[in-house]
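Data block below; observations after.
The values are calculated or read from the model by the stated rules, or taken from the named source; none is laboratory data. Everything numeric in this text was worked out from a predicted model, so none of it was measured. Note: ideal-geometry Cβ built from the backbone for every residue, glycine included; neighbour counts use all protein chains shown.
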Amino acid sequence: MADDNFIDMRTAVWNFSLFSEQTVHEFHNGKLYNAYDFFGSHKIKVNETEGFYFSVWAPAADFVSVIGDFNGWKQGLHKLNPRLDKSGIWEGFIPSIQDGFLYKYSISSSAGEFEKADPYARFAELRPATASITYTSSYAWKDDNWLNNRHNHNSLNAPWNVYEVHLGSWRRPDKNNENSFNSYLYTANELVQYVTSMGFTHIEIMPVMEYPYDGSWGYQATGFFAPTHRFGTPDEFKEFIDIFHRNNIGVILDWVPSHFPGDEHGLYLFDGFHTYEYADMRKGFHPDWNSYIFNYKRGEVISFLLSSAHFWLSQYHADGLRVDAVNSIIRLDFSRKEGEWVPNELGTNANLEAIDFIKSLNSMVYQNFTGVQTIAEEASDWPGITHNLIENGLGFGMKWMMGWMHDTFRYFKTSPEQRPAKQNDLTFSIMYFYDERFMLPISHDEVVHGKSSLIYKMPGNENEKFANLRLLFTYMIMHPGGKLLFMGNEFGQTSEWNYNSELKWELLQFDIHNKTQECLRDLNFIFKNNPAAYQLQFEKKGFKWLSLNEKEEGILIFRRMGINKNDDLIVVLNVSEKNYTNRKYVWKGKTKWKEIFNSNNIKYHGNGNCQNDHNISLLKNKKQQSCEIILNIPALSGMIFR
């Protein structure tokens with residue numbers, strides 16, 4: 001910064017503390033949920049003098065000073081004071097520091113000298129620069145109506161239809177320039193209109209916590225309390241979320257408490273020693289991601305992580321946290337061969353202290369935030385992920401149903417003539433669906449690294465691929481559970497996702513893409529507007545197979561049920577390439593049924609064959625509320641009846 005922003009070097013750091021003995025005790029024991037109120041940099045007044053208070057935990061340090069543009073980045077000029085309680089906390093007040101100053105901590109220990117960004121910083125420089133920035137929020141929230149009612153929007157018997165977004169590549173000012181970014185506010189105004197028009201209920205944002213390397217997509221964070229500078233300021237990100245809330249759209253944040261990168265300015269070897277990570281690299285290093293694992297046995301690290309979760313929910317009004325890589329957190333043998341990991345004291349592969357951390361996380365969230373959900377990205381068969389803590393579960397609200405995703409893709413990649421032998425791939429999910437509360441994900445991970453785009457997972461020529469995609473969408477939206485779809489899939493993006501560019505919106509000039517988007521839009525609104533599709537989405541009484549015996553014909557039929565039987569929906573899937581006309585069924589529960597959706601409709605780029613515009617219901621037994629149904633069923637299609 002300019003010379004006139006330099007602090008008078010004769011001004012010493014004042015001995016001042018925000019900590020009480022109780023706060024320090026809670027911090028050491030993993031019970032301090034708002035550590036961000038004490039650590040980091042905070043604008044305050046001391047003796048009528050305005051400045052910033054700084055506090056950092058560096059237990060192995062011999063001395064710590066604040067360096068920055070205000071003192072020419074010179075070590076020792078503004079040395080922090082160690083607390084006398086030997087807590088490892090260094091603190092002090094520096095007069096005349098203002099918002100917008102760059103700073104780091106200069107740390108000296110027996111291991112050497114280090115310059116570190118503030119672990120609790122609210123704002124950071126735009127990469128590749130790495131300094132923290134003093135920042136005081138002045139944002140005035142306008143989402144009271146949402147917060148007062150979000151227990152209804154975000155309950156487990158409300159519709160959850162999530163659009164997963166990578167903010168950097170949804171749209172770019174220059175679609176081919178990886179260094180061009182739209183602001184939080186520009187994206188919010190564009191994106192909220194889009195997701196509202198498309199009928200989604202929530203967005204999920206891939207990590208926005210500050211991260212140095214674009215290619216990590218945000219999953220290797222260095223700033224656990226700072227939204228990335230790429231798109232604007234912290235207050236602008238608050239307004240981003242506020243805009244969605246004022247339009248009745250929930251916002252879920254991806255949150256990564258599983259690991260962190262080894263960047264020099266980050267948490268790794270913070271004071272020259274293993275402060276935030278396990279010292280034993282059999283527990284402390286992620287071989288897959290070349291990153292470091294938090295030490296879940298250390299109370300101060302638990303307070304740091306719980307406070308990060310608390311921060312995004314309280315200060316940014318997030319509606320949920322999707323917790324990344326839960327499997328890697330709770331398993332000692334995750335991605336490790338025999339001899340590369342050490343069993344716990346019980347002789348098993350469970351990371352017991354990490355499991356305790358997860359339970360503490362969910363306990364803290366659900367006790368302190370009404371209408372908020374935690375969602376586990378967990379790919380194994382570990383039991384009880386969404387079970388209550390009193391049942392020895394982990395306490396998550398929902399879990400990604402990775403098995404459903406893998407089985408469904410395997411099935412839809414199969415040519416129609418081979419599908420009768422593979423029907424179990426499509427129906428098996430219901431066998432274990434009620435073991436957990438599941439969200440069905442088609443996420444970013446499924447359209448990168450040579451896995452191909454979603455449309456090119458489908459078999460056949462172009463028309464058949466899109467017919468299969470519309471059929472897949474029908475099956476997914478009407479299957480029990482929450483839903484998540486990654487951006488671009490809704491219009492059949494033909495290339496894999498590339499974080500360096502933007503989605504191929506130009507494809508919407510072609511009917512087949514534009515009408516595919518319209519198909520998903522209509523399905524989303526059917527889902528959102530029909531209680532039978534979501535009210536009992538995690539209960540057995542919300543779903544029933546009506547026909548699994550037409551395997552050779554490629555027909556599957558199921559019923560979705562709500563609290564009121566008059567809301568029931570029936571879904572007919574034809575996974576074959578054959579059309580069927582005048583096919584007869586007996587359906588009970590209501591005596592009148594009407595087709596409300598057909599994926600083969602011309603408006604969706606289908607061929608329009610085998611519509612059911614006529615009255616399909618013939619009363620069979622009024623007393624038993626049953627009727628004979630006569631259906632025309634087009635090839636490679638999904639139909640919904642109400």
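Scan the helices (runs of 4 or more DSSP H) fully inside segment 157-276 and keep the ones with 1 or more residues being of a type outside the set (Asp, Glu) and free of Cβ contacts under 8 Å to residues at least 60 places away in the same chain. Lay out the reasoning, then the answer.
Numbers: elements: 167-170, 184-198, 234-246.
Once the helices (runs of 4 or more DSSP H) in segment 157-276 are filtered for at least 1 residues that are of a type outside the set (Asp, Glu) and free of Cβ contacts under 8 Å to residues at least 60 places away in the same chain, what remains is 184-198, 234-246.
Show the residue pairs that are 6+ apart or on different chains and have beta-carbon atoms under 6 Å apart, the first residue being within segment 28-44 and closer than 8 Å to residue 303 by Cβ, the second being of a type in the set (A, V, I, L, M).
Qualifying pairs under 6 Å: 30/302; 33/306; 33/364.
If residue 76 satisfies all but one of (1) at negative phi; (2) in contact (Cβ under 8 Å) with a residue 24 or more places away in the chain, what's the number of the condition it fails?
All conditions pass for residue 76, except number (1).
Answer yes or no as to whether residue 500 is among the polar types (S, T, N, Q), on the phi < 0 side of the Ramachandran plot and in a loop (DSSP other than H, G, I, E, B). So that I can check it myself, show each step before the final result.
Working: among the polar types (S, T, N, Q): yes; on the phi < 0 side of the Ramachandran plot: yes; in a loop (DSSP other than H, G, I, E, B): yes.
Answer is yes for this residue.
What single numbered condition from (1) more than 30 Å from residue 360 (Cα to Cα); (2) surrounded by fewer than 19 Cβ atoms within 10 Å (Cβ to Cβ); (3) under 25 Å from the mean Cα position of the chain (by Cα) fails to hold for residue 431?
Failing condition for residue 431: (3).
Which numbered condition trips up residue 158, out of (1) closer than 15 Å to residue 227 by Cβ; (2) out of contact with any Gly (no Cβ under 9 Å at 6 or more places or on another chain)?
For residue 158, the failing item is (1).
Would you tally the residues in segment 616-642 being outside any strand (DSSP E or B) and under 16 Å from residue 581 (Cβ atoms)?
Within segment 616-642, residues that are outside any strand (DSSP E or B) and under 16 Å from residue 581 (Cβ atoms) number 4.
Identify the single condition in (1) over 22 Å from residue 635 (Cα atoms); (2) part of a strand (DSSP E or B) that residue 597 does not satisfy, given that it satisfies every other one.
Just one mismatch for residue 597, condition (1).
Determine the pairs where a residue that is without any contact (Cβ under 8 Å) to a residue 60 or more places away in the chain, located within segment 484-512, has a partner that is among the aromatic types (Phe, Trp, Tyr) and part of a loop (DSSP other than H, G, I, E, B) with Cβ atoms under 7 Å apart, the partner being 6 or more residues away or on another chain.
Every condition considered, the pairs that remain are 488/497.
Please go through segment 454-475 and give me each residue that is in contact (Cβ under 8 Å) with a residue 40 or more places away in the chain, among the hydroxyl-bearing types (Ser, Thr, Tyr) and out of contact with any Phe, Trp or Tyr (no Cβ under 8 Å at 6 or more places or on another chain), ordered by number.
475
Can you tell me which of 189, 182, 152 is outside the structural domain of residue 239 (by TED's automatic domain parsing) and at pLDDT 95 or above? Please lay out each step first, then the result.
Numbers: 189 fails: outside the structural domain of residue 239 (by TED's automatic domain parsing); 182 fails: outside the structural domain of residue 239 (by TED's automatic domain parsing).
Exactly one of 189, 182, 152 is outside the structural domain of residue 239 (by TED's automatic domain parsing) and at pLDDT 95 or above, namely 152.
Name the single residue, out of those in segment 364-409 being assigned to a helix (DSSP H, G or I) and of a type in the set (A, V, I, L, M, F, W, C), that is surrounded by the most Cβ atoms within 10 Å (Cβ to Cβ).
404
Say we look at segment 212-246 and pick out the residues that are under 18 Å from the mean Cα position of the chain (by Cα) and closer than 11 Å to residue 123 by Cβ; which of these is surrounded by the most Cβ atoms within 10 Å (Cβ to Cβ)?
For segment 212-246, the residue satisfying everything is 227.
Checking residue 418 against (1) in contact (Cβ under 8 Å) with a residue 24 or more places away in the chain; (2) in a helix (DSSP H, G or I); (3) more than 30 Å from residue 338 (Cα to Cα); (4) assigned by TED's automatic domain parsing to the domain that holds residue 316, only one condition comes out false. Which one?
Going through the list (1) in contact (Cβ under 8 Å) with a residue 24 or more places away in the chain; (2) in a helix (DSSP H, G or I); (3) more than 30 Å from residue 338 (Cα to Cα); (4) assigned by TED's automatic domain parsing to the domain that holds residue 316, residue 418 breaks only (1).
Quick check: is even one residue across segment 596-608 surrounded by 15 or more Cβ atoms within 10 Å (Cβ to Cβ), touching a residue at least 40 places away in the same chain (Cβ under 8 Å) and of a type in the set (D, E, K, R)?
Within segment 596-608 (the criterion being surrounded by 15 or more Cβ atoms within 10 Å (Cβ to Cβ), touching a residue at least 40 places away in the same chain (Cβ under 8 Å) and of a type in the set (D, E, K, R)), the answer is no, since none of the residues qualifies.
Taking segment 338-351 as the search range and keeping residues that are assigned to a loop (DSSP other than H, G, I, E, B) and among the aliphatic types (A, V, I, L, M), which one is surrounded by the most Cβ atoms within 10 Å (Cβ to Cβ)? Outline the logic, then answer.
Taking segment 338-351 first, the residues assigned to a loop (DSSP other than H, G, I, E, B) are 338-349, 351.
From what's left, among the aliphatic types (A, V, I, L, M): 342, 346.
Working: 342: 12, 346: 8.
Going through the qualifying residues, I end up with 342.
Kindly establish whether residue 451 is among the basic types (Lys, Arg) and surrounded by 15 or more Cβ atoms within 10 Å (Cβ to Cβ).
no
Give segment 566-597 a look and list any residue that's at pLDDT below 90 and of a type in the set (Gly, Ala, Ser), or say none.
The one that is at pLDDT below 90 and of a type in the set (Gly, Ala, Ser): 589.
Could you check how many residues of segment 324-337 are assigned to a strand (DSSP E or B) and among the aliphatic types (A, V, I, L, M)?
So the answer is 0.
Going by what's in this entry, would residue 201 be described as modelled with pLDDT of 95 or more, buried (at least 18 other Cβ atoms within 10 Å of the Cβ) and not charged (D, E, K, R)? Walk me through it before giving the result.
Details: modelled with pLDDT of 95 or more: yes; buried (at least 18 other Cβ atoms within 10 Å of the Cβ): yes; not charged (D, E, K, R): yes.
It is true that residue 201 is modelled with pLDDT of 95 or more, buried (at least 18 other Cβ atoms within 10 Å of the Cβ) and not charged (D, E, K, R).
Of these, 318, 354, which one is at pLDDT 95 or above and either exposed (fewer than 15 other Cβ atoms within 10 Å of the Cβ) or outside any helix (DSSP H, G or I) (or both)? Walk me through how you get there before you give the answer.
Values: 354 fails: either exposed (fewer than 15 other Cβ atoms within 10 Å of the Cβ) or outside any helix (DSSP H, G or I) (or both).
Of the residues listed, the single one that is at pLDDT 95 or above and either exposed (fewer than 15 other Cβ atoms within 10 Å of the Cβ) or outside any helix (DSSP H, G or I) (or both) is 318.
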